[in-house]
Amino acid sequence: MLLISCPHCGPCDETEFHCGGEAHVARPHDPAALDDAAWGAFIFMRNNPKGQFNERWVHAAGCRRWFNMVRDTVTHRILAVYPMGSRPPAGLGHLGAAVVEDAQ
Amino acid sequence: MKQRFSAFTLLRNGLSWHENWQRQWRSPDPKPAYDVVIVGGGGHGLATAYYLAKEHGITNVAVLEKGWLGGGNTGRNTTIVRSNYLWDESAALYEHSLKLWEGLSADLNYNVMLSQRGVMNLAHNLGDVREAQRRVHANRLNGVDAEWLDTAGVKEFCPIINTSPDVRYPVLGATLQRRGGTARHDAVAWGYARGADARGVDIIQNCEVTGFDIEGGAIVGVQTTRGAIRTSKVGVVAAGHNSVLAAKAGIRLPLQSHPLQALVSEPIKPVHDCVVMSNTVHVYVSQSDKGELVMGAGIDGYNSYAQRGSFHIIEHQMAACLELFPIFSRLRMLRTWGGIVDVCPDASPLLTKTPVAGLFINGGWGTGGFKATPGSGHVFAHTIARDEPHPLAAPFSLDRFTTGALIDEHGAAAVAH
């Protein structure tokens with residue numbers, strides 16, 4: 001079981017959280033301009049790294065707020081927790097192909 | 001010449017204290033070049049090599065396995081075999097597989113201990129009932145045996161199940177596939193390995209693929225921890241590590257790797273002679289020939305390559321199990337483990353060519369790959385040998401995530417993926 005430090009509530013059991021998959025996947029600015037392959041890539045293609053992974057979690061049974069995490073998918077060690085809309089701490093994680101000029 | 005297994009050889013070797021059995025497959029060093037290289041020595045990869053040799057006459061084949069044969073998901077699943085899928089494409093593929101299962105022990109001269117003891121999928125609410133009955137009709141139209149049982153029928157088929165109307169999720173009925181059941185998971189890997197080896201396939205363990213050599217958009221070889229191997233065709237069948245390998249060839253796959261956990265109880269006398277699966281309370285339970293109850297449920301929600309998951313998943317499936325089978329409440333659980341499954345967005349597999357000529361991928365089986373082992377290998381061997389998809393594999397191409405022709409078995413299959 002993971003012990004996850006919610007940025008708002010502090011450390012809580014994993015059972016209070018829900019994993020929302022890869023972080024920093026930006027919705028295309030002009031979806032109508034994409035061809036099928038680019039749209040399919042946005043909908044279906046996600047990074048699946050063995051190692052550091054940037055992912056979103058929501059504290060569903062707590063403050064119900066979303067946040068980002070960098071977690072190692074081999075050791076399960078949580079390397080960083082950082083707010084939605086911000087970039088990961090320097091040197092952590094791998095941003096996906098679809099990322100993200102507009103993560104402010 | 002490979003020794004054939006029979007009552008006579010069993011008796012003869014018994015007389016010499018079972019000390020003179022042949023090794024079942026060789027452990028050759030890799031040759032510098034092969035016609036086909038299969039990456040991944042689990043059931044699907046070994047089956048692919050076997051059918052390449054048997055059906056297509058391609059015997060200059062290597063199976064590269066980074067660990068030991070069947071040490072991944074082939075050795076970690078709950079051994080359930082069935083074909084009662086909703087959609088036409090899935091039903092055709094899994095039924096093809098089930099038909100191969102039915103002749104597999106004779107075909108391989110290896111007892112895979114297929115036990116067609118019947119698989120029940122329970123319905124606990126009106127939505128379940130409607131979905132299940134729809135699936136029964138769809139199965140029958142596709143030539144897959146399926147029956148609908150009411151609550152009394154469930155109790156008759158599996159007397160130890162709790163059919164009281166007073167529980168939180170009462171059993172309102174079930175679908176039953178009598179041809180479904182269980183098989184011996186290790187024997188499947190070993191049987192295919194022995195059969196492939198006898199036809200000339202080199203099975204090379206402790207040999208990890210570290211990269212692909214690609215020239216002009218076509219595969220020309222693989223790099224491994226035991227040196228470079230030249231080849232013009234590579235089949236990647238690496239389950240949870242498919243994304244990692246595909247990335248080495250510059251290909252993105254719509255896969256996410258998750259832990260899937262299972263557990264067994266201490267062995268007890270025969271008490272449960274069928275397979276019970278419940279989507280709603282979410283557990284599946286059968287009893288192995290050794291007497292252990294074998295249980296599993298859903299994946300952990302996060303991505304992982306760690307072959308272990310979180311304990312609350314186990315707690316949840318035990319709660320579900322005890323709701324269905326109060327008789328098991330004083331059993332002790334012996335061990336739990338996890339395997340890494342690669343899940344597609346539509347919970348259907350990938351059996352596909354790729355943008356790299358000569359590179360083929362067989363993956364995305366998610367939580368339901370074991371039952372598909374023979375069929376998967378059979379159609380994937382065809383796809384590799386002919387360089388075009390087998391008709392049953394064609395709907396499972398990578399293209400479907402561009403065209404939108406998904407095979408959405410999430411929730412449509414008999415148990416959640």
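The values are calculated or read from the model by the stated rules, or taken from the named source; none is laboratory data. Just so we're clear, the structure is a prediction, and the values are computed from it rather than from any experiment. For neighbour counting, all protein chains shown are included, and Cβ atoms are generated from backbone atoms with ideal geometry for every residue, glycine included. In case anyone asks, the SASA skips ligands and DNA or RNA and just uses the protein heavy atoms, side chains included. Shrake-Rupley method; radii C 1.70, N 1.55, O 1.52, S 1.80 Å.
Per-residue mean of foreign Cβ neighbours for B:254-265 is 2 (Cβ atoms of other chains, 10 Å radius). Across all directions, the shadow cast by the convex hull of the range A:3-98 built on its C-alpha atoms averages 6.8 square nanometres. In this structure, the amide hydrogen of B:Ile214, modeled 1.01 Å from its nitrogen in the peptide plane, lies closer than 5 angstrom to those of B:Val220, counting only residues at least 5 positions away or on a different chain.
Spatial offset of the range B:318-386 relative to the range B:1-56 amounts to 24 Å, using the alpha carbon center of each. Taking amide H atoms as placed 1.01 Å from N in the peptide plane, the amide H of B:Trp365 lies under 5 Å from those of B:Asp342, B:Leu350, each 5 or more residues away in sequence or on another chain.
What accessible area per residue comes out for the range A:3-98, rounded to a whole number of Å², with a 1.4 Å probe?
I get 52 Å² per residue for the range A:3-98.
For the residues of B:239-248, the average number of beta carbons from a partner chain within 10 Å of their own beta carbon is 2. Segment B:Ala106..B:His137, full-extension length gain: 8.0 nm, with 0.36 nm per residue of separation and the alpha-carbon distance subtracted.
If you count, for every residue in B:296-304, the Cβ atoms of partner chains within 10 Å of its Cβ, what is the mean? Going residue by residue through B:296-304 and averaging, the value is 5.
An oblate overall shape is assigned to the protein assembly as shown, the ratio a/c of its alpha-carbon gyration tensor axes (a ≥ b ≥ c) being 1.5 or greater and a/b not exceeding b/c.
Residues of the range B:70-107 with an amide N closer than 19 Å to a point placed 7 Å from the Cα of B:Glu55 along the Cα-to-Cβ direction: B:82-83, B:89-107.
Counting only residues at least eight positions apart within a chain, or on another chain, the lysines with an alpha carbon under 27 Å from that of B:Lys155 are B:Lys269, B:Lys290, B:Lys371. Report summary: the helix-based calculation at 222 nm, which adds -39500 (n - 2.57) for every DSSP H run with n ≥ 4 and divides by the residues of chain A, gives -2500 deg cm²/dmol. Couplings 3J(HN,Hα) for the range B:226-231, derived from phi with the Karplus relation 6.51 cos²θ - 1.76 cosθ + 1.60 (θ = phi - 60°), are 10, x, 7, 10, 7, 6 Hz, where x marks Gly and Pro.
Within the straight-line cut-off of under 21 Å between alpha carbons, the lysines reachable from B:Lys233 are B:Lys31, B:Lys54, B:Lys66, B:Lys248, B:Lys353, sequence neighbours fewer than 8 places apart in one chain being disregarded. The chymotrypsin sites (Phe, Trp or Tyr not before Pro) of the range B:67-114 that meet both conditions, a loop assignment by DSSP and at most 14 other Cβ atoms within 10 Å of the site Cβ, are B:Trp68.
Summed over both chains, the contact between B and A buries some 2100 Å² of accessible surface at a probe radius of 1.4 Å.
Using a probe radius of 1.4 angstrom, the carbon and sulfur fraction of the accessible surface of the range A:3-98 is 53%. In loop segments of the range B:356-410 as defined by DSSP, there are no chymotrypsin sites (Phe, Trp or Tyr not before Pro) with at most 10 further C-beta atoms inside 10 Å of their C-beta.
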